Amino acid sequence: MDIETSADAGFGYEESEWKGPFYFIQGADPQLGLMKSWAIAKAKIFCVVWRPCSCYASNTVSCLTVVIFWFVEDLIYSATEWKSAQERDLKTALLKTNHDIPLVFVSGNHDLSNAPTSETIHDFSNSWGDDYFSFWVGGVFFLVLNSQLMFDASKCPELKENQERWLADQLAVAQQRQCKRVIVFQHIPLFLQNPDEDNTYFNLKRSLRQELLEKFHKAGVKAVFSGHYHRNAGGTYKDLDMVVTSAIGCQLGEDEHGVRVVVVTENQIVHRYYSLDKLKNHGLDQDIMNLIKY
């Protein structure tokens, strides 16, 4: 099976009409290589051992049986000579996914670097698909952004400008078409808990954050899903939910390895974080199933 990347996912305007409730799974930060490095020294050193992360990636795939699609961020950890081997092992795990489940990938800082270049973005696109794009599913408009261009585009300012122009056009489409829902995916959260919180490594700068939040709100964006923090977090801005999902791989807090199940109904977006063990052994909670069947 070929892994279906963002560039050829095949979701187009034929999907722009509401067709009823559906759900998808967001997985963040499998990041092959980080768990062992963190365990060795509690420091972010590159490590040649990434088997634990591969196992969690494989366990995640075994949980995916009836979902619509899956978003992943920070696919690997190493920017060294082990990067190709880590990508190979992650793709091997993903090849076990049911052929009917499209896979859509979101770029993160460990894929592109904290300050990306045209070369790192090109390499990611060759392996996983476009670094930013949009698509429709069942009347819902999805925007996938390259948040590294928002974090530090000092080495590729022209690419940042390209994404900004593209995003303005996409938000205009969202407003004009009065979409049932607009949902954004980006690796770095706009904020972790409060829209006015201080700048940190794990959020976007406050000035840009406020600008984006207002643009998203005016365009009808109802939720922004991110990873990067390796802990669950989130908050609200007006009627927009900022949802931060913990990691499939290395945990930096008290959460278990897991993924987020997101249900989109005609009137709401409901999401819940599941540990991999619970999802595999017990499946979805009944109230979530009831929403899907509604």
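The values are calculated or read from the model by the stated rules, or taken from the named source; none is laboratory data. All of these numbers come straight from a predicted model, not from anything done at the bench. Reconstructed Cβ throughout: ideal geometry from the backbone, glycine too, with neighbour counts over all protein chains shown. Remember, those area values only see protein heavy atoms, side chains included, never the ligands or the DNA or RNA. Shrake-Rupley method; radii C 1.70, N 1.55, O 1.52, S 1.80 Å.
Residue by residue through segment 199-224, note down the ones that are open to solvent by 80 Å² or more (accessible area, probe 1.4 Å) and among the polar types (S, T, N, Q).
ASN199, SER207
Can we say SER127 is open to solvent by less than 60 Å² (accessible area, probe 1.4 Å), modelled with pLDDT under 95 and among the polar types (S, T, N, Q)? Even if it seems obvious, please write down each step before you answer.
Numbers: open to solvent by less than 60 Å² (accessible area, probe 1.4 Å): yes; modelled with pLDDT under 95: yes; among the polar types (S, T, N, Q): yes.
Yes; evaluated as a whole, the condition is true for this residue.
Mind counting the residues in segment 264-294 that are farther than 21 Å from VAL184 by Cα, open to solvent by less than 80 Å² (accessible area, probe 1.4 Å), among the hydroxyl-bearing types (Ser, Thr, Tyr) and in a loop (DSSP other than H, G, I, E, B)?
0
Tell me whether segment 221-236 contains one or more residues that are of a type outside the set (S, T, N, Q) and in contact with a helix residue (DSSP H, G or I) (Cβ under 6 Å, 6 or more places away or on another chain).
Checking segment 221-236: not a single residue is of a type outside the set (S, T, N, Q) and in contact with a helix residue (DSSP H, G or I) (Cβ under 6 Å, 6 or more places away or on another chain).
Condition check: within 18 Å of GLY108 (Cα to Cα), open to solvent by less than 30 Å² (accessible area, probe 1.4 Å), in contact with an Asp or Glu (Cβ under 9 Å, 6 or more places away or on another chain) and among the hydrophobic types (A, V, I, L, M, F, W, C). Does ALA247 satisfy that?
On the way: within 18 Å of GLY108 (Cα to Cα): yes; open to solvent by less than 30 Å² (accessible area, probe 1.4 Å): yes; in contact with an Asp or Glu (Cβ under 9 Å, 6 or more places away or on another chain): yes; among the hydrophobic types (A, V, I, L, M, F, W, C): yes.
Yes; evaluated as a whole, the condition is true for this residue.
Tell me which residues, restricted to segment 161-210, are touching a residue at least 40 places away in the same chain (Cβ under 8 Å) and touching a helix residue (DSSP H, G or I) at 6+ places or on another chain (Cβ under 7 Å).
Result: LEU171, ALA174, GLN175, VAL182, VAL184, HIS187, ILE188, LEU190, PHE191, PRO195, LEU204, LEU208.
Being in contact with a strand residue (DSSP E or B) (Cβ under 9 Å, 6 or more places away or on another chain), assigned to a loop (DSSP other than H, G, I, E, B) and of a type outside the set (Val, Ile, Thr) is the filter here; which residues of segment 222-250 pass it?
Within segment 222-250, GLY227, HIS228, TYR229, HIS230, ARG231, ASN232, ASP239, SER246, GLY249 meet the criteria.
Considering ASN59, ASN98, which residue is modelled with pLDDT of 75 or more, open to solvent by 60 Å² or more (accessible area, probe 1.4 Å), of a type outside the set (A, V, I, L, M, F, W, C) and farther than 18 Å from GLY129 by Cβ? Quick ask: steps written out before the conclusion?
Details: ASN59 fails: modelled with pLDDT of 75 or more.
Residue meeting the stated conditions: ASN98.
Would you mind finding the one in LYS238, LYS215, LYS222 that is out of contact with any Asp or Glu (no Cβ under 8 Å at 6 or more places or on another chain) and touching a residue at least 40 places away in the same chain (Cβ under 8 Å)? Spell out how you get there, then give the answer.
Working: LYS238 fails: touching a residue at least 40 places away in the same chain (Cβ under 8 Å); LYS222 fails: out of contact with any Asp or Glu (no Cβ under 8 Å at 6 or more places or on another chain).
Residue meeting the stated conditions: LYS215.
If you check SER207 against the conditions, is it of a type in the set (Ser, Thr, Tyr) and touching a strand residue (DSSP E or B) at 6+ places or on another chain (Cβ under 7 Å)?
No, not satisfied.
Would a scan of segment 172-182 turn up a residue that is polar (S, T, N, Q), crowded, with 19+ Cβ neighbours inside 10 Å and part of a helix (DSSP H, G or I)? Talk me through it step by step, then tell me what you get.
Step one: of segment 172-182, the residues polar (S, T, N, Q) are 175-176, 178.
With the extra rule that they be crowded, with 19+ Cβ neighbours inside 10 Å, the set shrinks to none.
No: segment 172-182 contains no residue that is polar (S, T, N, Q), crowded, with 19+ Cβ neighbours inside 10 Å and part of a helix (DSSP H, G or I).
Here is a list of conditions, (1) open to solvent by less than 40 Å² (accessible area, probe 1.4 Å); (2) out of contact with any strand residue (DSSP E or B) (no Cβ under 6 Å at 6 or more places or on another chain); (3) assigned to a loop (DSSP other than H, G, I, E, B), and PRO195 meets all of them except one; can you say which number that is?
Single failed check for PRO195: (2).
Filter segment 240-254 for residues that are of a type outside the set (S, T, N, Q) and at pLDDT below 95 and give the result. Before the answer, list the steps.
Initial filter on segment 240-254 (of a type outside the set (S, T, N, Q)): 240-244, 247-250, 252-254.
Across segment 240-254, the qualifying residues are ALA247, ILE248, GLY249, CYS250, LEU252, GLY253, GLU254.
Mind listing whichever residues of segment 131-160 are of a type in the set (D, E, K, R), in contact (Cβ under 8 Å) with a residue 24 or more places away in the chain and surrounded by fewer than 19 Cβ atoms within 10 Å (Cβ to Cβ)? Working first, answer last.
So the first thing to find is which residues in segment 131-160 are of a type in the set (D, E, K, R), and the list is 131, 152, 155, 158, 160.
Now narrow it down to the ones that are in contact (Cβ under 8 Å) with a residue 24 or more places away in the chain: 131, 152, 155.
Across segment 131-160, the qualifying residues are ASP152, LYS155.
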